[in-house]
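Q: Structure below; questions to follow.
Read-outs: derived from the displayed coordinates by stated rules, not from any lab. Fair warning: this is a prediction, and the values are worked out from it, not measured in the lab. Cβ placement follows ideal geometry from the backbone for every residue including glycine, while neighbour counts extend to all protein chains displayed.
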Amino acid sequence: MKKRLIDILLISLLGCLPLLWFPGQTILLGHDAGIPFDPITHFLDRLTVWTQRFGTGSDQSFALLGATFIHGPEALLMWLGFSIKVQQLLLFVFWFVLPGLCMYYFTYKTWPEKRYLPLVASVIYMLNFYLLQAWFVAERTKFSIYAIVPLLVYFASAYLLNKISWKKSIIVTGLLFLFFNGGGSLPLYGGLFIIFFIMFAYINYIFRSKEVLKRTFIYSAGVIVLYFLLNAYWILPYINYLFNSFTKDLAAAGGPEGALTWARYLSSSSSFMNLFRGEGVPDWYLNAYHPYSQTYINNNFLILFSFAFPLLAFASLLFAKERKDRFYLYLFVLITLVSLIFMSGPKSQLGFIYEFMVQHVPGFAIFRSNYYKFGYAFWFSYSILIAFTLNILFSYASAWLTKRKAHAFISIYLIPILFIAGYVLYHYPVLTGKFLDYSSEPGKELTNRITVPQYVFDYGKWMNQQDSSKRYLVAPELNDSGFIAYDWKYWSSAPVSSLQTKNSFVQNTYLIPQSDRVLLKQMYNALLNEDIATFTDFAKVFAIDGIVVQEDFAWQNPSWGTTDPKKYTAVLDSNPNFKLVKTFGKWKVYNIVNIDKSLRVTASPKLNFLQGELVNVMSFPDFDPTSPLFMADKNPENTNYFAQEAANIYLTPKCINCDFSQSTPLTQVYNPTILPGSILYPLVQRREDKIKSQSINFESQVNYYLTVTDRRLTETNWMINSKQKVDYIQQTFDKYKENIQSLRALISGKWDVADETQLAATIDDRLSEQVKLINVLYGHDLLNADQRLSLAFAYDEIKSIQEIVEKKEWRTQDSTQKKYLLDLPKSGTYNIYVKRNSLTDSKADYTGSTLTFADDNTTLQPISENEEWIFFGEKNLSNKHTRMTFSDKTQKNLVENMLPKYPDSSEGIRQNGNSFSLNAGSKCFNYSLDNIKNNGKTYIVSFDYRNFTEEKDLSFYVSNKEEVVPKLKIKESLLDNTRLWKHHYQVVSPLQQDLRINFCNNFDPLNYQKINGQLDLDNNTSGTVNEVANIAVYELASPYIIFHQKQKDIQNENFVTSFERPNAVTYNVKMKATQQPVTVVMRETYAKAWQLCDENKKCISENDKNHFNSAGLTNGWYLKEGIGSNLTLSYTAENTYKTGLVITITTFLIIVGGIIWTKLRRR
Amino acid sequence: MDKVKKKIILQFGRASTFFKNNLPQIVFLVFLFQFVLYLQTQPYFNLLGKYSIILYGIVGLITLFIFRKNIHTKYFIIISLAIFVIAIPITIIGSDTLNDILGFIAFVLIAMYVLRKVYTERKYLKDFI
């Protein structure tokens, strides 16, 4: 090895490339890098299972704990006094060099006689497009696995080939896995599985001996055991996660099908040929503004050069003469080929292998980003294959130089140095760090090379000195993209606060649950609309102590733009409820003044019960947001118990389709491959029978009948259109009729379903689609009289089904008559209130508004008003499913008294009140609306229309007032043709404060009149082409209705006198002892593993119903027998982590002790 | 000129000898190819996805089996290297579909080379230890 110092020097020099990447004060931050602004705080936060860096807190068992040895060195260097930039550069050099050194070790030990192979293989392994793509986010987890692959292969193969002892092989392997474990991210092990599987299979095939087979098992068992022991500190919590959340997370990602869809998208250009050329990186083809990919894709010289990779790699097979060479080369070619199959995923001709594994191998869906997870196995073997050929070529060249009496150094090193220089030049982005500027899209220029303003670091430092139980809301809110972007170029889905401080910050990022994001959006809206009562109620529920406004947020960007942060500062500065406490450059920190004591832990005797949305009770005078709140929707199984125990019951009925977001699902008419009469058709019937036997509840039975009736009609449609199996049409119609009759019989009885309104809507929608198909089929010439008769009978059945369904269906179809539904948990008399500022126009006269109950047809009207809440009287409720209609009289048709405008003159358009007749081509009229609300408000534009032609003629579109819409665009906005009057509506979310509603009468091409020589049929009613009537524009609103019942008259009181939070997983709480029922609320994200123990160590178990999700997000414990003066709240999953940590440390010490002991004994 | 003439005659003679000696096998393969192609139009076979893989896979494997004595394993790798050379202008032109197929053929040839080599050389490969 000593003779190869110059090789090591060359590798180390190459490893210094990261030093060229960051000009000035720039450092790498943003995107998915996960690089912290404060590495020490970030590292320390990873030493507990629970973290409050994300929203109201979360469990970080999943993939975050294993990165200890990645974040540890970062923290260590900072602790030693290096600046963040120097620390980054040192570690980047380390990660750049490490793969090269490991590869050098492996290749040198395998082929010590080959002069150039180790150096060349190391260079290729250190620098390739697979790794370069990972470098743009400095993917240290990937680097850690990537780097040690050669060492793992060496120590495994050396043992299998009987070169080293079992003990040595597994101890080295185990220790490597301790320090370089891929950050505990299992998907990253994909490539490793391939390498080891191929290697074991290959060696066993070659040797075919029991001895080798035994060694394979012993080695595998040893490594697995040692891996588990040395990584127990993150594996045990990870297993806990897998058992509890993997299935849920997989389902959220769309299941195996979702994983396959993602893999198909990602692998769209990962063909074998591209991969052979060392390309095929998904980002190259999916990101049109990739910093360098277009050069490699389009430059002919670079294309030519890229083919050197496969030519050199596979030419090695022609050069391999020695048995050892062939033994290893065959192995590496096999690894290359198998990893290619998985890298290309569903894209390649052998994609069915990957698809099969995703669909049928449990857990394989974690490898959905297939290129990235398997790619390193390819580059490991490919580097060696290429290096093998180059070694031969370089040796020839060296011998040639030696013959010509060149200097010894030149004859040995000139060629490899030239190669390295050329190879680096080929990967030219690595010289400048250009790959870090990962998008050049105009208006969306993105880079990970960032100069962080000093005030951001100052803010982080100050924040880490504050009380860790304080929580802040970060403003402005994020738009639906979820991206966080600042003027100083930071761009990521990870908030800066999560990388900088240990404190709790809430913001509507994608790192918190969807339900929390909805609540936060409502909170932001309340603040912006200066609805301070609602905002402070929300703040109390979330235990928010302050607000951080970041004025440097890139709020004007068209893609991730949001509210101008200055709007927040304007509200906060002008309102006495908020006080500016600190300013850091463009970041301002405000405190909420009326919160004098932290609400993180409270205890109250006043337990509230809520059924419905939390936002509906915010600011309600009788509702105390600091008191515990059982939410029936979150804990349906314990509803009855808590409804009895609660002091107050709040019921907020749900407005069904008030936002008109429910659209009729269109049945996809497809052409079934297997038709009735086919010999394979029994398979279809068998599957349907199986589904039928599995349909044990009412809803699934209804779904079964809807599905089979859809299928029968689709089959008939295809039989008629393709003229296949037409003999079976009658039989199929009979079966259709039979199933429709069964469906009618089923729904004629009692509906045993939780949401019968939803099910009724589903039946209605699906059968309406079937009716459309029947209408088409009925007129087909191919049908005989009997077949038509069967269809006609089925049609009658559908009619009777729809009559039943109409009685069950309850959804808003007219925006002025809003339909509400209430699932009553407890009968009794309730006071009814409506929130005034949730009405369409909170300043308008509401006195004509009514609330009508469908059961007894009683109508309530406003009686009085208290703190913005309108009292509608009281009502005795007993029906489990209570239906009501709210008529909001503050809602006005915004175009009611408005005159239309005719941009092309009114010739050919006749107006009669709110009805229009149009007969002139390309003629339009419109309504312009000014001063409309655009901060999250939606409007519904509706009208009726009919055509007098067989073509689509009426154009309708919504634009902004000043927007210039070319005439040809009319063709894109033509509505469906209809001879009968048809109601049409569109929901609009205006981005500006004006809106224009446009109607046009068809589109006439420029040469139309010249060819026909006809004039428009003005003033001639027989020439009318379209009619439009009842045009209306309404603002949409879902008024908040509350049904309130006071069960117990209890004064609210906080029994918590003080608490301390010694670490992220423990709260020590001092209480005022009481015998009366009390509920403790700890405002961190609800998790079963949070446990309450009293001073006698008596704890409430994980599955006890008295531990509930308070307010839908925090932890509540209902203690019926009262409480003593001390209690402890702790996160029990931490115990698993600690157990794992003890196992890891003990194993490590035993190994190190054993090594030292062995060395000493030998001496 | 005579040398060239002789070479042409020799090469032509080799090819015609090959065809003469293997005519039944070649005819069989042509029929097999046509038959498998025809099958694709038949019910149930038309349900199979990626039929081209099955088609070329079956015919390719049978061809290799029949001519195993005539085709030297080394040719696999030489042909696959030639494919990479042919793919250069095709990539420059930008024909992704053709490139995709060439990549797959190269993949299959390399795989067959290695598998055949491992199979035939198994006994000797372990001797290096």
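Q: Counting only residues that are free of Cβ contacts under 8 Å to residues at least 40 places away in the same chain, part of a loop (DSSP other than H, G, I, E, B) and over 42 Å from the mean Cα position of the chain (by Cα), which one in the range A:302-327 is farthest from the other protein chains (Cβ to nearest Cβ)?
A: Ranking the candidates gives A:Lys321 first.
Q: If the requirement is being without any contact (Cβ under 8 Å) to a residue 60 or more places away in the chain, away from chain A (no Cβ under 14 Å) and out of contact with any helix residue (DSSP H, G or I) (no Cβ under 8 Å at 6 or more places or on another chain), which of these qualifies: B:Leu64, B:Leu10, B:Leu37, B:Leu29? Let's see the steps before the verdict.
A: Numbers: B:Leu64 fails: out of contact with any helix residue (DSSP H, G or I) (no Cβ under 8 Å at 6 or more places or on another chain); B:Leu37 fails: out of contact with any helix residue (DSSP H, G or I) (no Cβ under 8 Å at 6 or more places or on another chain); B:Leu29 fails: out of contact with any helix residue (DSSP H, G or I) (no Cβ under 8 Å at 6 or more places or on another chain).
The conditions single out B:Leu10.
Q: Select from the range A:871-900 the residues that are among the polar types (S, T, N, Q) and assigned to a strand (DSSP E or B) and write down the one among them that is surrounded by the most Cβ atoms within 10 Å (Cβ to Cβ). Steps first, answer last, please.
A: First, the residues of the range A:871-900 that are among the polar types (S, T, N, Q): A:876, A:878-879, A:882, A:885, A:887, A:890-891, A:893, A:897.
Checking which are assigned to a strand (DSSP E or B) leaves us with A:876, A:882, A:885, A:887.
On the way: A:Asn876: 9, A:Thr882: 21, A:Thr885: 17, A:Ser887: 16.
So the residue we want is A:Thr882.
Q: Out of all the residues in the range A:501-527, which are surrounded by fewer than 23 Cβ atoms within 10 Å (Cβ to Cβ) and either of a type in the set (D, E, K, R) or touching a Pro at 6+ places or on another chain (Cβ under 7 Å) (or both)?
A: If the condition is that a residue be surrounded by fewer than 23 Cβ atoms within 10 Å (Cβ to Cβ) and either of a type in the set (D, E, K, R) or touching a Pro at 6+ places or on another chain (Cβ under 7 Å) (or both), then A:Lys502, A:Asp516, A:Arg517, A:Lys521 are the ones that fit.
Q: Exactly one condition in (1) within 14 Å of another protein chain (Cβ to nearest Cβ); (2) over 30 Å from A:Ser306 (Cβ atoms); (3) surrounded by 12 or more Cβ atoms within 10 Å (Cβ to Cβ); (4) touching a helix residue (DSSP H, G or I) at 6+ places or on another chain (Cβ under 6 Å) is false for B:Ile54; which is it?
A: Here B:Ile54 clears every test but (4).
Q: Here's a follow-up. State which residue is nearest to the chain's Cα centre (by Cα) when the search covers only the range A:745-804 and only residues that are of a type in the set (Ser, Thr, Tyr) and loosely packed, with under 15 Cβ neighbours inside 10 Å.
A: Of the range A:745-804, the ones of a type in the set (Ser, Thr, Tyr) are A:748, A:757, A:762, A:768, A:778, A:790, A:795, A:800.
From what's left, loosely packed, with under 15 Cβ neighbours inside 10 Å: A:748, A:768, A:778, A:800.
Working: A:Ser748: 41, A:Ser768: 34, A:Tyr778: 45, A:Ser800: 43 Å.
Of everything passing the filter in the range A:745-804, A:Ser768 is nearest to the chain's Cα centre (by Cα).
Q: Continuing with this model, one more query. Quick one: in the range B:75-101, of everything that is under 22 Å from A:Leu317 (Cβ atoms) and touching a Phe, Trp or Tyr at 6+ places or on another chain (Cβ under 8 Å), which residue is farthest from the other protein chains (Cβ to nearest Cβ)?
A: The qualifying residue farthest from the other protein chains (Cβ to nearest Cβ) is B:Phe76.
Q: Of all residues in the range B:1-26, how many are outside any helix (DSSP H, G or I) and surrounded by 10 or more Cβ atoms within 10 Å (Cβ to Cβ)?
A: Taking the range B:1-26 first, the residues outside any helix (DSSP H, G or I) are B:1, B:22.
Filter once more, keeping what is surrounded by 10 or more Cβ atoms within 10 Å (Cβ to Cβ): B:22.
So the count comes out to 1.
Q: Within the range A:1072-1087, can you find the residues that are in a strand (DSSP E or B), of a type outside the set (D, E, K, R) and either under 30 Å from the mean Cα position of the chain (by Cα) or surrounded by fewer than 21 Cβ atoms within 10 Å (Cβ to Cβ) (or both)?
A: Step one: of the range A:1072-1087, the residues in a strand (DSSP E or B) are A:1074, A:1078-1085.
From what's left, of a type outside the set (D, E, K, R): A:1074, A:1078-1082, A:1085.
Matches in the range A:1072-1087: A:Thr1074, A:Val1081, A:Met1082, A:Thr1085.
Q: Which pairs have Cβ atoms under 9 Å, sit 6 or more apart or on different chains, and link a residue in the range A:80-96 that is free of Cβ contacts under 8 Å to residues at least 12 places away in the same chain to one that is of a type in the set (D, E, K, R) and in a helix (DSSP H, G or I)?
A: Partner pairs satisfying both residue conditions: none exist.
Q: Also, quick follow-up: Of the residues in the range A:156-172, how many are touching a residue at least 12 places away in the same chain (Cβ under 8 Å), surrounded by fewer than 22 Cβ atoms within 10 Å (Cβ to Cβ) and more than 14 Å from chain B (Cβ to nearest Cβ)?
A: 4
Q: Output the number of residues of the range A:265-278 satisfying the condition of being in contact (Cβ under 8 Å) with a residue 40 or more places away in the chain and more than 10 Å from chain B (Cβ to nearest Cβ).
A: Qualifying residue count for the region: 5.
Q: Whether any residue in the range A:847-858 is aromatic (Phe, Trp, Tyr), under 30 Å from A:Ala646 (Cα atoms) and without any contact (Cβ under 8 Å) to a residue 40 or more places away in the chain is what I want to check. Give the steps one after another, and end with the answer.
A: Filtering the range A:847-858 down to residues aromatic (Phe, Trp, Tyr) leaves A:853.
Imposing the further condition that a residue be under 30 Å from A:Ala646 (Cα atoms) reduces the set to A:853.
Going one step further and asking which of them are without any contact (Cβ under 8 Å) to a residue 40 or more places away in the chain, we end up with A:853.
Taking every residue of the range A:847-858 in turn, at least one turns out to be aromatic (Phe, Trp, Tyr), under 30 Å from A:Ala646 (Cα atoms) and without any contact (Cβ under 8 Å) to a residue 40 or more places away in the chain.
Q: Follow-up. Among the residues of the range A:427-448, write down those that are in a helix (DSSP H, G or I) and either crowded, with 18+ Cβ neighbours inside 10 Å or over 37 Å from the mean Cα position of the chain (by Cα) (or both).
A: Selection gives A:Pro429, A:Val430, A:Phe435, A:Leu436.
Q: Could I ask something else about it? Answer yes or no as to whether B:Phe107 is assigned to a helix (DSSP H, G or I) and more than 11 Å from chain A (Cβ to nearest Cβ). Working first, answer last.
A: Details: assigned to a helix (DSSP H, G or I): yes; more than 11 Å from chain A (Cβ to nearest Cβ): no.
The answer is no for B:Phe107.
Q: In this structure, is A:Leu706 of a type in the set (A, V, I, L, M, F, W, C), assigned to a loop (DSSP other than H, G, I, E, B) and buried (at least 19 other Cβ atoms within 10 Å of the Cβ)?
A: Numbers: of a type in the set (A, V, I, L, M, F, W, C): yes; assigned to a loop (DSSP other than H, G, I, E, B): no; buried (at least 19 other Cβ atoms within 10 Å of the Cβ): yes.
Answer is no for this residue.
Q: Can we say A:Asn1126 is closer than 19 Å to A:Lys606 by Cα, surrounded by fewer than 19 Cβ atoms within 10 Å (Cβ to Cβ) and touching a strand residue (DSSP E or B) at 6+ places or on another chain (Cβ under 9 Å)? Let's see the steps before the verdict.
A: Details: closer than 19 Å to A:Lys606 by Cα: no; surrounded by fewer than 19 Cβ atoms within 10 Å (Cβ to Cβ): yes; touching a strand residue (DSSP E or B) at 6+ places or on another chain (Cβ under 9 Å): yes.
It is false that A:Asn1126 is closer than 19 Å to A:Lys606 by Cα, surrounded by fewer than 19 Cβ atoms within 10 Å (Cβ to Cβ) and touching a strand residue (DSSP E or B) at 6+ places or on another chain (Cβ under 9 Å).
Q: Answer yes or no: is there a residue in the range A:340-347 that is touching a Lys or Arg at 6+ places or on another chain (Cβ under 8 Å), within 15 Å of A:Ala387 (Cα to Cα) and surrounded by fewer than 24 Cβ atoms within 10 Å (Cβ to Cβ).
A: no
Q: Right, another one. Filter the range A:328-362 for residues that are touching a residue at least 40 places away in the same chain (Cβ under 8 Å) and more than 23 Å from A:Met273 (Cβ to Cβ); which is farthest from the other protein chains (Cβ to nearest Cβ)?
A: A:Val358
Q: Closer than 30 Å to A:Leu683 by Cα, within 11 Å of chain A (Cβ to nearest Cβ), small (Gly, Ala, Ser) and in a helix (DSSP H, G or I) - does that describe any residue in the range B:110-125?
A: Our first condition is that a residue be closer than 30 Å to A:Leu683 by Cα; within the range B:110-125, this holds for none.
No; the residues of the range B:110-125 include none that is closer than 30 Å to A:Leu683 by Cα, within 11 Å of chain A (Cβ to nearest Cβ), small (Gly, Ala, Ser) and in a helix (DSSP H, G or I).
Q: Also, quick follow-up: Of all residues in the range A:470-481 being touching a residue at least 60 places away in the same chain (Cβ under 8 Å) and not in a strand (DSSP E or B), which is farthest from A:Phe578 (Cα to Cα)?
A: Kept after step one, since they are touching a residue at least 60 places away in the same chain (Cβ under 8 Å), are these residues of the range A:470-481: A:470-479, A:481.
Checking the rest, the ones that are also not in a strand (DSSP E or B) come to A:470, A:476-479, A:481.
Working: A:Lys470: 16, A:Pro476: 16, A:Glu477: 18, A:Leu478: 22, A:Asn479: 24, A:Ser481: 29 Å.
Checking each candidate, the answer is A:Ser481.
Q: A follow-up question, please. Take the range A:825-870 and flag every residue that is among the acidic types (Asp, Glu) and either over 39 Å from the mean Cα position of the chain (by Cα) or surrounded by 20 or more Cβ atoms within 10 Å (Cβ to Cβ) (or both). If you could, list the steps in order and put the result at the bottom.
A: Let us first name the residues in the range A:825-870 that are among the acidic types (Asp, Glu), namely A:841, A:845, A:855-856, A:865, A:867-868.
Scanning the range A:825-870 gives A:Asp845, A:Asp855, A:Asp856, A:Glu865, A:Glu867.
Q: Determine which member of the set A:Val1069, A:Val1028 is crowded, with 19+ Cβ neighbours inside 10 Å, over 39 Å from the mean Cα position of the chain (by Cα) and among the hydrophobic types (A, V, I, L, M, F, W, C). Can you show your working first?
A: Details: A:Val1069 fails: over 39 Å from the mean Cα position of the chain (by Cα).
A:Val1028 is the lone residue from the list that is crowded, with 19+ Cβ neighbours inside 10 Å, over 39 Å from the mean Cα position of the chain (by Cα) and among the hydrophobic types (A, V, I, L, M, F, W, C).
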